[in-house]
1. To the nearest 10 square angstrom, how much accessible area does LEU55 have with a 1.4 angstrom probe?
2. Give me the extension gain from LEU7 to TYR125: residue separation times 0.36 nm, minus the current Cα-Cα distance, reported in nm with one decimal.
3. Between LEU55 and LEU118, what is the label-to-label distance in nm when each label sits 7 Å out along the Cα-to-Cβ direction?
4. With a 1.4 Å probe and every protein chain left in place, tell me how much accessible area ARG11 has, in Å² to the nearest 10.
5. Mind checking the full-extension length gain between LEU70 and ALA26? Use 0.36 nm per residue of separation minus the Cα-Cα distance, one decimal, nm.
6. What is the mean projected area of the alpha carbon convex hull for segment 39-166, to one decimal in square nanometres?
7. In a GNM of the chain with a 10 Å cut-off on Cα contacts, which of VAL143, VAL67, VAL14 has the highest mean-square fluctuation?
8. State the extension gain, in nm to one decimal, for the chain segment bounded by ALA40 and ALA62, taking 0.36 nm per residue of separation less the distance between their alpha-carbons.
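The values are calculated or read from the model by the stated rules, or taken from the named source; none is laboratory data. Note that the structure is a prediction, hence the values are computed from the model and not measured. All Cβ positions, glycine included, derive from the backbone under ideal geometry; neighbour counts span all protein chains shown. Calculation scope for accessible area: heavy atoms of the full protein, side chains included, ligands and nucleic acids excluded. Shrake-Rupley method; radii C 1.70, N 1.55, O 1.52, S 1.80 Å.
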Amino acid sequence: MTSGRRLAVSRTLVWAAGVAGTVHAAFSAYWAAGGQWLLATVGTWAVDLSADAPLEAGLALAGIAVVKLLAAAIPVGAAYGRVPWPGLWRRVAWCGGSFLVVYGGVNAAVSSAVLAGLIRPDGGYDRAAMIGHAWLWDPLFFVWGAALVLSLWFSRDSSQDMEHGE
């Protein structure tokens, strides 16, 4: 594959990762503002917390939304040379993307296994939350991470990556 083609694939993937992360961030921001749609797919605890302590839940979710949005946007900016310290952000993105792949993949698989009856939690389970984690939130984390890691892989420069330990 030519370096120009690798760069094009990498940029497509980093945008896909950015979109997945922004979707996650947007839902966190929506819930921070008091929205309820799909909140039950996170868990009953989230619905209860938003009802019992709306200010605290809103502030926590707003912080989460900001972190997710930065995690979605910085790799895109780095891919275009628009953020300082691109080597640092590549290393952070490698770690973050790898974490998202494992976290999203494992949680989606376990949630799916619970829904399929392969795993039976002793105390039962929150069906709406299990569906949300099996079919929506954790697969979206996985896609975000996989697109990010693949983007980094395609954009690597073998001599530069060897020098920086990537």
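1. Result for LEU55: roughly 120 Å² accessible.
2. Details: separation 118, 0.36 × 118 = 42.48 nm, distance 4.45 nm.
Taking 0.36 nm per residue and subtracting the Cα distance, the gain is 38.0 nm.
3. So the two model labels end up 4.6 nm from each other.
4. Estimated to the nearest 10 Å², ARG11 gives 70 Å².
5. Numbers: separation 44, 0.36 × 44 = 15.84 nm, distance 1.19 nm.
Net length gain for the segment: 14.7 nm.
6. Working: hull surface 39.2 nm².
Value for segment 39-166: 9.8 nm².
7. Highest fluctuation of the listed residues: VAL67.
8. Working: separation 22, 0.36 × 22 = 7.92 nm, distance 1.78 nm.
Gain on stretching ALA40 to ALA62: 6.1 nm.
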